[in-house]
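What follows is calculated from the coordinates using simple rules that are stated; it is not laboratory data. In this text the structure is predicted, and so the values were computed from the model without any measurement. Virtual Cβ from ideal backbone geometry, glycine too; neighbours counted across all protein chains shown.
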Amino acid sequence: MNKNFLTPDKDPMGAAIADYFSNRKAGKLRVLSSMFDEDEIPVKQLFRGLKEMPVAEQKALHLAEGRILDVGGGSGCHSLALQEMGKAVCAIDISPLSVEVMQKRGVKNAQLQNFFHEQFAGEFDTILMLMNGSGIIGKVEYLPDFFRKLKLLLAPNGCVLMDSSDLRYLFENEDGSFDIDLNADYYGEVDFQMQYGSIKGDSFDWLYTDFQTLSYYAAQAGFKVEMIHEGRHYDYLARISKN
Ligand code: SAH
C-alpha cells in the first residue's frame, strides 16, 4: 500500500494533466504492465464532463450526499461536477501537479493528501472512489487496512461508492470455463507503470476486485456491500457501508 506523495519527476499522469490544462492538448500518456500490452490513457478523458462520464460514475455523483470525499481527484472532473450540483466536496490526491490543476480549475477544497496516511483524517458521509477506484488499495492483502481506514473516515451512516471490474474475463476459455490458478496471486492484482514523454513513474500495484472478494473482506471488517450498477463488461459500482 502506497502511503507517499509523488514528486513531479516521477508523476507522468500529473504532468499530462498539467500539460492539458495549460495547453488544451497533451502528448501520449503510456500505460505499461507485465499483464497487458502497452496501452494509452487519452488525457482528454481525464477532463471529462458529467455527460461524457460512464453511467456508473454519473450514478455515483447523483447518489453522493453530505460531506463528500473524492479520493484520487486527478484533474477534478468529479469534484467540479459535484460542485455544479451544489454539493460540498473535498478532493485529495498524492500528485502535487494534479492538486494544483484542481485548485486552478476551481475545486474549492483540493488537498495534497494520501488516503492511507495516518495523518489524513476527517468525517465524510460519502467517499467516492472512481475510475476503477479499488485500484489504490493495491492488493487483496491490503483490504483489511482499507476497511480500518474507512472506520475512521466514515460518518455513522456514511458510505463509499466505488467502481471496479472482475478481471476473470481475461482468463476465460471459448467454452466458458476459466483458467485461474488458485495458488497464484489474486487474478485482479495488476502492476502498472506510466510514462509521459521523458517522465517515467515508478511501478505501482493496482487492484481490480470482483464483487464477491470485496464482499467477503467487507463482512470480515463489519461492512456490507451492495451492487448499485452492473456495466456491460464485468465492471460494477458498489456501495460499501457499515453493517
Ligand atoms: N478520479 C480521477 C483520477 C483517477 S486516476 C478520474 O476519474 O479521472 C487515480 C488518481 O488517484 C491519480 O490522480 C493518483 O495520483 C491518485 N492516487 C493514487 N493513490 C492515491 C492515494 N493513496 N491517495 C490519494 N490519491 C491517490
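Can you pull the percent of Cα pairs in the chain with separation above 29 Å?
26
Each residue of segment 195-207 in turn: what ³J(HN,Hα) in whole Hz from Karplus with 6.51, -1.76, 1.60 and θ = phi - 60°, glycine and Pro shown as x?
Computed from phi, the couplings for segment 195-207 are 9, 10, x, 8, 8, 10, x, 6, 5, 9, 8, 9, 9 Hz.
Can you tell me the length gained on complete extension of the stretch L50 to S203, counting 0.36 nm per residue apart and subtracting the Cα distance?
Values: separation 153, 0.36 × 153 = 55.08 nm, distance 3.05 nm.
In short, 52.0 nm is gained.
Non-local amide H neighbours of F124 (under 5 Å, H modeled in plane, Pro and chain starts lacking H): which ones?
L154, A155
Between rounded, prolate and oblate, where does segment 128-243 land on the alpha carbon gyration tensor, with a ≥ b ≥ c its root eigenvalues, rounded for a/c under 1.5, else prolate if a/b exceeds b/c?
Working: a/c = 1.74, a/b = 1.21, b/c = 1.44.
Here segment 128-243 falls in the oblate category.
With the cut-off at 1.5 for a/c, could you classify segment 18-62 from its C-alpha gyration tensor as rounded, prolate or oblate? If you can, show how the numbers build up before the last one.
Working: a/c = 3.53, a/b = 1.25, b/c = 2.83.
The shape class here is oblate.
Long-range amide H contacts for F223: which residues qualify at under 5 Å (H placed 1.01 Å from N, peptide plane, sequence gap of 5 or more or a different chain)?
Sorted by chain and number, the residues that satisfy this are N243.
Report the calculated FRET efficiency for D37 and L152 (r = Cβ-Cβ distance, R0 = 35 Å), to the nearest 0.05. Kindly include the intermediate steps, with their values, before the conclusion.
On the way: r = 39 Å, r/R0 = 1.12.
The pair D37/L152 has a calculated efficiency of 0.35.
Can you count the Lys pairs in segment 36-149 with C-alpha separation below 20 Å, eight or more apart or on different chains? Don't jump to the answer; show the numbers that get you there.
Values: K44/K104; K51/K59; K51/K87; K59/K87; K87/K104; K87/K108; K139/K149.
Lysine pairs meeting the criterion: 7.
Tell me, how many Å apart are the Cα centres for segment 1-71 and for segment 182-212?
Computed from Cα coordinates, the inter-centre distance equals 15 Å.
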